[in-house]
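Okay, structure first, notes after.
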Amino acid sequence: DQQVKQNSPSLSVQEGRISILNCDYTNSMFDYFLWYKKYPAEGPTFLISISSIKDKNEDGRFTVFLNKSAKHLSLHIVPSQPGDSAVYFCAARLTGGGNKLTFGTGTQLKVEL
Amino acid sequence: SAVISQKPSRDICQRGTSLTIQCQVDSQVTMMFWYRQQPGQSLTLIATANQGSEATYESGFVIDKFPISRPNLTFSTLTVSNMSPEDSSIYLCSARRGSYEQYFGPGTRLTVT
């Protein structure tokens, strides 16, 4: 049972435009969400997170939006740069779940010149 | 954040043998974790490495197959025992300091022939 889903395996965007990466979840007991970026042959790098009590968190070019009623979160990257080309994973933590993070399957973002 | 290194970065092993992966963090951390990423799939938590006590394993993972040590607050090892081709994966360690964000090592790419 895939509780965190990233339905788009890949996304292609032009440099300078907005990249929107989407993530859906099924478990309403998730209370904290994170986005990670992963380059080939490297471990995932933490990007940004959001608590379930908020609907938006911004850090420079990265903004995460959370829609609890729709069980949906998205990562916006503005403006997109070629160095943003990577696989992006969303992850979620269960309330009372301790330290376990449940990851989505990832979206490959390609930013083209 | 935390800087995490893993050894080896990759290995090719024969069926039936065992491999021990080392994880070193540049400073003391409260929690360390081991994940597996099978080809084309997401990250799956194997276990939480507890300092000075037995690791806490997730459903589907057992100590006999994946023994873990954590002798201090900066170091942990994961052993993949009696390997089969199905164990071919990327194995990642991560560390948590403070809130829920986890920081990952570069991973160990294991191929079992």
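The values are calculated or read from the model by the stated rules, or taken from the named source; none is laboratory data. Just so we're clear, the structure is a prediction, and the values are computed from it rather than from any experiment. Cβ coordinates were reconstructed from backbone atoms using ideal geometry, including for glycine residues, and neighbour counts include every protein chain displayed. Note: accessible area is taken over every heavy atom of the protein model, side chains too, but ligands, DNA and RNA are not part of it. Shrake-Rupley method; radii C 1.70, N 1.55, O 1.52, S 1.80 Å.
Out of B:T56, B:T17, B:T79, any idea which swings most in a Gaussian network model of chain B, alpha carbons joined below 10 Å? The residue with the greatest mean-square fluctuation here is B:T17.
Sequentially through the range A:34-45, phi angles give Karplus couplings (6.51, -1.76, 1.60; θ = phi - 60°) of 9, 10, 10, 10, 9, 8, x, 6, 10, x, x, 10 Hz, Gly and Pro residues having no value and appearing as x. Estimated at the nearest 10 Å², the accessible area of B:R10 is 150 Å² with a 1.4 Å probe. Of the accessible area of chain A, computed with a 1.4 Å probe over protein heavy atoms only, carbon and sulfur atoms account for 49 percent.
Kindly tabulate the residues in the range B:57-102 with an accessible-area decrease of at least 50 Å² between the chain alone and the assembly of all protein chains, using a probe of 1.4 Å. In the range B:57-102, residues shielded by partner chains: B:Y100, B:E101, B:Q102. Paramagnetic label reach from B:T17 (point 7 Å along Cα→Cβ; backbone nitrogen cut-off under 20 Å): within the range B:83-100, residues B:83-92.
Pop out the carbon and sulfur fraction of the accessible area of chain B as a percent, whole number, probe 1.4 Å. After summing per-atom areas, the C and S share lands at 48 percent. Annotation for B:S69 and B:E54: the two label points, set 7 Å from Cα along the Cα-Cβ direction, are 1.8 nm apart. Counting charges near B:F61 (Lys, Arg +1; Asp, Glu -1) among other residues having Cβ under 14 Å from its Cβ returns a value of -2. Build a GNM of chain A with springs between Cα atoms under 10 Å apart, and of A:L94, A:L73, A:L21 the one that fluctuates most is A:L94. With the convex hull of its Cα atoms as the shape, chain B has an orientation-averaged projected area of 6.5 nm².
Overall dimensions of the protein assembly as shown, expressed as equivalent-ellipsoid semi-axes from the Cα gyration tensor (√(5λ), whole Å, largest first), are 30, 20, 16. The C-alpha atoms of the range B:1-43 occupy a region whose extents along the principal axes are 35, 22, 15 Å, arranged from largest to smallest. Shown here for the range B:8-42: chymotrypsin sites (Phe, Trp or Tyr not before Pro) in loop regions (DSSP other than H, G, I, E, B) with at most 15 other Cβ atoms within 10 Å, of which there are none. Over all other residues within a Cβ to Cβ distance under 11 Å of B:T20, the charged ones net out to 0, with Lys and Arg as +1 and Asp and Glu as -1. Both chains summed, the buried accessible area for B and A stands near 1600 Å², from protein heavy atoms and a 1.4 Å probe. Among the residues of the range A:42-62, those with an accessible-area drop of 50 Å² or more from chain alone to full protein complex, heavy atoms and 1.4 Å probe, are A:P44, A:F46.
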